[in-house]
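Note sheet for the following structure.
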Amino acid sequence: MGSNNEDPSSSPSHPLLEPHSPDSQESFIHISYNHGPRSFKDLPFFILFLLFSLSTFAFGIFSIFHRNPDYPASLSSFSFNPTTQTCTTSTSTSTTYFLLSLNSTYYSSNFVEDLTWTLVITFILSIPICWLLLLFLKHYTKHLVYATLPFFIVIPIFLNVYWFVVCTVSPTCSDVFPMVYRILVLVFLFLVIGVIVWILVANWHRVELTISIIGVASNALSWNLGLFGVLPCLTIGLLLYYVPMVVFMVFATFNGKVVPKSLEGDEIGCVWKQDSWVPAYFALAILTMLWSATAMVEAQVYVISGTIAHWYFSKDDQVPRKSITNSIRNAFGPSVGTVCLSGLLMCVVRMVRSAVDSARQEDAPGIFNLILRCCVNAFLAAVDFLNKFTINFAAITGEAYCTSARMTYELLRCNLLSAVFVETISSRILAGIIFVLSAIYTIVVCVILKTTTSLGSDSYLVAALAWLLLIIVLGFFVHVLDIVIDSIYVCYAIDRDSGEVCKQDVHEVYVHLPISRSSRQSNVVTRILGV
């Protein structure tokens, strides 16, 4: 690499790029947290997002006023008139709105009442459960992890044996599911449990470090509990943003007319023909909704990362003030274009991945298709992985997306840090913990329903729905904690790059992270060449 005069990207005039030493032959990136006002970045993508949204709303309003009031609830009310060569209706009134009858499925009032109360109580209890889980992860991380690790094996074994015994005892299940198939499923599930045991044993030496990382992240999250109020509000805001779009799409189906169509033989019937612009509007609305969803996810990551970075780079004896407010202001202000660009990339990645999965289900023959799918999946995984740390970095520094991606790569490469360790091990342990807690809760709920209600076999369905609700809430908690872990990881890398120590307890844990394999190999080569 050339000198600083020859490389404008490493010039000290840039606020985030400064050489560590003027005498060094290689320029280094010096990165710092941006506390001050930030300039707007990636505005063209925000303008593009606005065009998509405004177009969706404009055509949606047009669809309401341009709808056909003769939209039929049933085409049977229309008949072909040979005299006028058109379809006419014999009814005196037209129907614009219609209801769907749901009488095909009937549940007793006891079932509905018990289900409602169970879900309400589960949702109320999920809040203190999350708070207690955060408290235990902060102060008793090792005890909680080691207490739940055996349940990673015990609960799957119990459930596997339980379903086998219940199905064997039940005459209905025995007739539908023969013994041979039950044994095959039982053995297969035991093999899966064996794989889980092998994964735990193979990664046992990493558990201790992962416990410390989770404890540090839980401490950081406990200083910013306001995030649990802000993030659901952002999700509710997205749902409110979706409501008019859904209404517009419903009214868009009312745009068209009933036209005659030749059927079998000489018979002419009446069919509903939508206007030609309606399918295009559906595509526009769906793309806008998908982009909005991924952009909101990235905005939440931005808010969490900015809040945690504000806590990390503040003094130990100071409580961060307005950190969440500043992060929200930056996410929907100067960095709104960066958030939209990141959301657009994630939207494209998910659409391409969905297309690849669809092609896999079609079983397209040929080794070329197999190699192409592997390459595409590897590329998409790399983009997803890089994007995650890029939005963390953008929230910390306020840089544009492409600049953040380049600087994130250089930051992690220069400091020899292994991001895979942080990403995979901690996420799996946290997922296992919430699975154990939700499974124990579901078993307790099922026992209570069996002993106190007359639901019978329906109690399993109610308990399963309670488990689903609790796992969603706990999954949201783990999702936030995962982002906190990634944010602290980037903050530590910035600290390490600048030679500073902003949080001593974080450094005492993250200093034990293994270096990346590629960096280790490059260091060996450098030492050999130096010798």
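How much FRET efficiency would the formula 1/(1 + (r/R0)^6) give for Leu240 and Ala431, where r is the Cβ-Cβ distance and R0 is 35 Å, rounded to 0.05?
My answer for the efficiency is 0.70.
Full extension from Arg329 to Phe158: what is 0.36 nm times the residue separation minus their Cα-Cα distance, to one decimal in nm?
56.6 nm
Note down the net charge around Val462, summing +1 for each Lys or Arg and -1 for each Asp or Glu among other residues with Cβ under 15 Å from its Cβ.
-2
Just subtract the alpha-carbon distance of His66 and Val444 from 0.36 nm times their residue separation and send over the number in nm, one decimal.
130.6 nm
Check Gly256: other-chain or 5+ apart residues with amide H under 5 Å from its amide H, H built from backbone geometry?
When sequence neighbours closer than 5 places are left aside, the close amide H contacts are Asn68, Asp275.
Using a Förster distance of 51 angstrom, determine the FRET efficiency expected from the C-beta separation of Ile127 and Ala355, and round it to 0.05.
With a Förster radius of 51 Å, E is 0.85.
When Lys and Arg each count +1 and Asp and Glu each count -1, what net charge do the other residues less than 13 Å away from Leu345, Cβ to Cβ, add up to?
Counting the neighbours of Leu345, the net charge comes to 0.
Val169 to Lys142: extension gain in nm, 0.36 nm per residue of separation minus the Cα-Cα distance?
Gain on stretching Val169 to Lys142: 5.6 nm.
Quick note: the coordinates plus some simple rules give every number you see, no bench work behind them. This structure is a prediction, so every number in the text was calculated from the model and none was measured. Every residue, glycine as well, gets a Cβ built from its backbone with ideal geometry; the counts of neighbours run over all protein chains shown.
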